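J.: My questions will all concern the structure given below.
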Amino acid sequence: MASRYSEVYGAWKTDPEGFWSEAAEAIDWFERPERAFEAEAGIYGHWFPDGVTNSCYNCLDRHVEAGRGEQIAFIYDSPVTSSIERISYGALLDDVKALAAVYRKLGVDKGDRIIIYMPMIPQAAVAMLAAARVGAVHSVVFGGFAANELAVRIDDCQAKLIVSASCGIEPGRTVAYKPLLDAALTIAEHKPAHCLVYQRDMLEADMTPVRDIDYASALAAAKEAGDEAGCTPVASTDPLYVLYTSGTTGQPKGVVRDNGGHMVALKWSMQNFFGVQPGEVFWAASDIGWVVGHSFIVYGPLLNGNTSILFEGKPVGTPDPGTYWRIIAEHGVVVMFTAPTALRAIRKEDPDAALVANYDLQQFRALFLAGERADPDTIRWAERALGVPIIDHWWQTETGWPVAGNPLGLGLLPVKYGSPAVPLPGYDVQILDDAGHPVEAGTLGNVVVKLPLPPGCLPTLWNADHRFRAAYLEEFPGYYKTADAGYLDDDGYVFIMARTDDIINVAGHRLSTGAMEEVCASHPDVAECAVIGIADDLKGQIPAGFLVINSNVSRETSEIEREVISLVRDRIGPVAAFRTAMCVKRLPKTRSGKILRATIQKIADRQPWKMPATIDDPAILDEIAAVLHAKGIGI
Ligand code: COA
Ligand code: AMP
């Protein structure tokens, strides 16, 4: 079919408010918004400023009221526990209503924050939806983060309640969540009154009397008593959730998502971008701890009336690299979303994609990739293996939904390998040089989006309007700075090449090298340090730390390296994948004292590099190269 992209993008450009007002018709409002946009409100304007709605109502109640209660909302497929469970919209609504009543009993009011620290189990999604139901603001924390990271989030959002589970299952080990939660509550200055803890069969958590409440018993008691909470009407602009993401310091940024604009954008993207219709099975193989999980495991599919897969497993090893294909075939998935690193992991173990032949993938239409740059080699491999379009698309925690991509729902455009295709309606993507001037097509520069951002994007950072302005809006007035570097080609295709800040992308996970440097520097023997991301065939990038040791320290450097590695694991978490630390005599710097991280990275990645004109002492780069080579890096 000929793509309708140009026509639809043009319609948005001609009349953005009319475009989004029409898209808002697909959402149920308690009070329909009279206006699509109010430019004077908020920091750069507010979408649907006078609408009143509820995200849980739109995800669940309205489908059940329309007679679709029997349809499956979630298929929980957990190879790590050998279980598969199907949960209908009706059953999900019953659980959500009861849990919402439990929240109310525990004193949770509209606007209160609830931290959710849970593995990929249905109870996590129930916890999110129940928060939305009572107008509370949820903040999900990924299970791979350590106690300290959890504590920072508890303090920042001043959570009233925490919902957690006894454990998560990683291949080969059980991750006990409760001791991490207890440690976080010791570190945090703010102490939530209660923790609701879901006890999994694999590991029972110790409960602290009064503070800790058993999730299953509380839910069962509420159901038994017939306690149910209705949907609290919230303003379209009220926050639905806060999701913390890596910033340039150890303090993560609390990305705020509103209710109305978020629903409008997600509902639009499910049909027009991903091309899935209500009733079909959609699978985003991510984790609810990431934005992909929020938008495309929970909210997007449910708003669109899809069946969504909750997958507790890995692309490889649970039990084999055919798991993705088994799930697509067994559950009738029509469209899937994953990160390129997952495909690289599968390819490494099954280079010829031999396991694909074991499954019937006839109904499978497309595989979407995001979270990191999709290398053309991996895309071509997946195209050959699966025989369906492999669609790269680009977005960020901040935007909440794709900025650029090839819109399957509107009809695919020609593919250009290495590009996530074209900007979607809502996004006027431009490339500016460092002085803020537009550059020519094909020239690398700062990727920015002309304000206002479309519905669904962050209106601000949690309790940090000033930080929002400083981090995203001040450098290029009138634009949102994505902190990605890239270019537009003559056909308007976007190419995303690198970050312009200290964020690295490790197995599709966004991490701050600045935050890791803060931890390395806290080791008593470390005088100064630098952490960079170096290229990795599987994970895209992995962090590597360079440590300068205090001159009065005479211990074995290998011992200090080991201690720093475990310090990062303990403070940030295993997800940082920080396994490489090396002691060096000195760090290369400019004459004004700036560490030349980019040059170290180029040496490590065996990329061509030039001696920086401002370098203080060029001999230090030879020392660094020798240390890297001794570790087998950059040879
Ligand atoms: N809870 C606790 N620990 C977790 C965790 C979680 N939810 N998720 C990851 N970890 C741990 C892992 O167990 C591992 O610990 P280890 O150092 O003890 O081995 C560490 O964090 C690093 O994990 P990861 O980066 O996932 O590496 P891996 O080697 O275990 O797996 C891949 C590699 C490629 C298979 C895996 O990264 C993957 O599936 N990636 C897909 C990424 C993705 O879906 N991203 C979402 C954005 S779209
Ligand atoms: P996150 O906020 O975790 O979703 O990470 C967002 C960042 O991941 C972006 O700013 C990019 O640097 C990177 N990213 C995400 N998707 C892509 C993509 N398709 N191509 C290139 N980089 C991507």
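J.: What are the residues in the range 172-213 that are of a type outside the set (S, T, N, Q) and assigned to a helix (DSSP H, G or I), if any?
T.: Of everything in the range 172-213, those that are of a type outside the set (S, T, N, Q) and assigned to a helix (DSSP H, G or I) turn out to be Tyr177, Lys178, Pro179, Leu180, Leu181, Asp182, Ala183, Ala184, Leu185, Ile187.
J.: Continuing with this model, one more query. With assigned to a loop (DSSP other than H, G, I, E, B), over 18 Å from Glu518 (Cα atoms) and under 31 Å from the mean Cα position of the chain (by Cα) as the only criterion, which of Ile603, Ile633 stands out?
T.: Of the residues listed, the single one that is assigned to a loop (DSSP other than H, G, I, E, B), over 18 Å from Glu518 (Cα atoms) and under 31 Å from the mean Cα position of the chain (by Cα) is Ile633.
J.: Something else now. Within the range 414-430, can you find the residues that are assigned to a loop (DSSP other than H, G, I, E, B) and out of contact with any helix residue (DSSP H, G or I) (no Cβ under 7 Å at 6 or more places or on another chain)?
T.: If the condition is that a residue be assigned to a loop (DSSP other than H, G, I, E, B) and out of contact with any helix residue (DSSP H, G or I) (no Cβ under 7 Å at 6 or more places or on another chain), then Pro414, Val415, Lys416, Ser419, Pro420, Ala421, Leu424, Tyr427, Asp428 are the ones that fit.
Condition check ((1) in a helix (DSSP H, G or I); (2) free of Cβ contacts under 8 Å to residues at least 12 places away in the same chain) across all residues:
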{"residue": "Ala345", "(1), (2)": "yes, no"}
{"residue": "Val356", "(1), (2)": "yes, no"}
{"residue": "Phe368", "(1), (2)": "no, no"}
{"residue": "Asp377", "(1), (2)": "yes, yes"}
{"residue": "Ala385", "(1), (2)": "yes, no"}
{"residue": "Leu408", "(1), (2)": "no, no"}
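J.: Restricting attention to the range 43-82, which residues are open to solvent by less than 40 Å² (accessible area, probe 1.4 Å) and without any contact (Cβ under 8 Å) to a residue 60 or more places away in the chain?
T.: Matches in the range 43-82: Arg62, Gly69.
J.: Still on this model: Restricting attention to the range 452-466, and to residues there that are within 17 Å of the chain's Cα centre (by Cα) and of a type in the set (A, V, I, L, M, F, W, C), which single residue is nearest to Ser21 (Cα to Cα)?
T.: By that ranking, first place goes to Cys457.
J.: Just one of the numbered conditions (1) within 21 Å of the chain's Cα centre (by Cα); (2) more than 10 Å from ligand 1 (Cβ to nearest atom); (3) surrounded by fewer than 22 Cβ atoms within 10 Å (Cβ to Cβ); (4) hydrophobic (A, V, I, L, M, F, W, C) is not true of Val316; which one?
T.: That leaves (2) as the condition not met.
J.: Continuing with the same structure: Name, by its number, the condition in (1) in a loop (DSSP other than H, G, I, E, B); (2) within 16 Å of ligand 1 (Cβ to nearest atom); (3) of a type in the set (Ser, Thr, Tyr) that does not hold for Ser592.
T.: Failed condition: (2).
J.: Go through (1) modelled with pLDDT of 95 or more; (2) surrounded by 21 or more Cβ atoms within 10 Å (Cβ to Cβ); (3) within 16 Å of ligand 1 (Cβ to nearest atom) and name the single condition Gly371 misses.
T.: Condition not satisfied by Gly371: (1).
J.: Could I ask something else about it? Which residue, of Leu408, Leu343, is within 12 Å of ligand 1 (Cβ to nearest atom) and of a type in the set (A, V, I, L, M)?
T.: Unique residue meeting the criteria: Leu343.
J.: Tell me, which residue of the range 280-313 that is polar (S, T, N, Q) and within 15 Å of ligand 2 (Cβ to nearest atom) is least open to solvent (accessible area, probe 1.4 Å)?
T.: Among those residues, the one meeting the criterion is Ser295.
J.: I've got another one for you. Among the residues that make up the range 252-275, is at least one of them assigned by TED's automatic domain parsing to the domain that holds Cys59, open to solvent by 10 Å² or more (accessible area, probe 1.4 Å), touching a helix residue (DSSP H, G or I) at 6+ places or on another chain (Cβ under 6 Å) and not in a helix (DSSP H, G or I)?
T.: Scanning the range 252-275, I find no residue that is assigned by TED's automatic domain parsing to the domain that holds Cys59, open to solvent by 10 Å² or more (accessible area, probe 1.4 Å), touching a helix residue (DSSP H, G or I) at 6+ places or on another chain (Cβ under 6 Å) and not in a helix (DSSP H, G or I), so the answer is no.
J.: Can you report the number of residues in the range 142-161 which are surrounded by fewer than 24 Cβ atoms within 10 Å (Cβ to Cβ) and of a type in the set (A, V, I, L, M)?
T.: Number of matching residues: 4.
J.: Do any residues in the range 439-463 that are under 19 Å from Tyr427 (Cβ atoms) have Cβ atoms under 7 Å from those of residues that are charged (D, E, K, R) and part of a strand (DSSP E or B), where the two are at least six apart or on different chains, and which pairs are they?
T.: Qualifying pairs under 7 Å: Asn446/Lys481; Val447/Asp484; Val448/Lys481; Leu458/Arg257; Pro459/Asp258.
J.: With without any contact (Cβ under 8 Å) to a residue 12 or more places away in the chain and either surrounded by fewer than 23 Cβ atoms within 10 Å (Cβ to Cβ) or of a type in the set (Asp, Glu) (or both) as the only criterion, which of Asp352, Asp392 stands out?
T.: Asp352
J.: To continue, here is another question. If Gly90 satisfies every condition in (1) open to solvent by 40 Å² or more (accessible area, probe 1.4 Å); (2) touching a Gly at 6+ places or on another chain (Cβ under 7 Å); (3) free of Cβ contacts under 8 Å to residues at least 40 places away in the same chain but one, which is the exception?
T.: Gly90 satisfies all of (1) open to solvent by 40 Å² or more (accessible area, probe 1.4 Å); (2) touching a Gly at 6+ places or on another chain (Cβ under 7 Å); (3) free of Cβ contacts under 8 Å to residues at least 40 places away in the same chain except (1).
J.: Quick check, is Thr245 over 26 Å from Gly411 (Cβ atoms), within 16 Å of ligand 1 (Cβ to nearest atom) and surrounded by fewer than 23 Cβ atoms within 10 Å (Cβ to Cβ)?
T.: Against the criterion (over 26 Å from Gly411 (Cβ atoms), within 16 Å of ligand 1 (Cβ to nearest atom) and surrounded by fewer than 23 Cβ atoms within 10 Å (Cβ to Cβ)), Thr245 qualifies.
J.: Then there's this: Suppose the filter is within 16 Å of ligand 2 (Cβ to nearest atom) and either of a type in the set (Gly, Ala, Ser) or open to solvent by 10 Å² or more (accessible area, probe 1.4 Å) (or both); does Ser139 pass it?
T.: Yes, satisfied.
J.: Considering only strands (runs of 3 or more DSSP E) fully contained in the range 453-559, which possess at least 2 residues that are closer than 14 Å to Gln396 by Cα?
T.: 479-488, 494-499, 503-506, 509-512
J.: If you check Ala470, Ala441, Ala404, which single one turns out to be farther than 28 Å from His138 by Cα and out of contact with any helix residue (DSSP H, G or I) (no Cβ under 9 Å at 6 or more places or on another chain)?
T.: Ala441
J.: Among the numbered criteria (1) open to solvent by 50 Å² or more (accessible area, probe 1.4 Å); (2) among the charged types (D, E, K, R); (3) out of contact with any Ser or Thr (no Cβ under 7 Å at 6 or more places or on another chain), which one does Arg591 miss?
T.: Condition not satisfied by Arg591: (3).
The rows are residues; the columns are (1) at pLDDT below 95; (2) under 24 Å from Ala265 (Cα atoms); (3) open to solvent by less than 50 Å² (accessible area, probe 1.4 Å); (4) of a type in the set (A, V, I, L, M).
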residue: Pro438; (1), (2), (3), (4): no, no, no, no
residue: Ala441; (1), (2), (3), (4): no, no, no, yes
residue: Lys450; (1), (2), (3), (4): no, yes, no, no
residue: Cys457; (1), (2), (3), (4): no, yes, yes, no
residue: Trp462; (1), (2), (3), (4): no, yes, yes, no
residue: Phe468; (1), (2), (3), (4): no, yes, yes, no
residue: Ala471; (1), (2), (3), (4): no, yes, yes, yes
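J.: Then there's this: Might you check whether a residue that is aliphatic (A, V, I, L, M) and either without any contact (Cβ under 8 Å) to a residue 24 or more places away in the chain or in contact with a Pro (Cβ under 8 Å, 6 or more places away or on another chain) (or both) occurs anywhere in the range 254-264?
T.: Yes, that holds for at least one residue.
The values are calculated or read from the model by the stated rules, or taken from the named source; none is laboratory data. Just so we're clear, the structure is a prediction, and the values are computed from it rather than from any experiment. A quick note on method: Cβ atoms are made from the backbone with ideal geometry, for glycine too, and the neighbour counts reach across all protein chains shown. Accessible surface areas use protein heavy atoms only, side chains included; no ligands, DNA or RNA. Shrake-Rupley method; radii C 1.70, N 1.55, O 1.52, S 1.80 Å.
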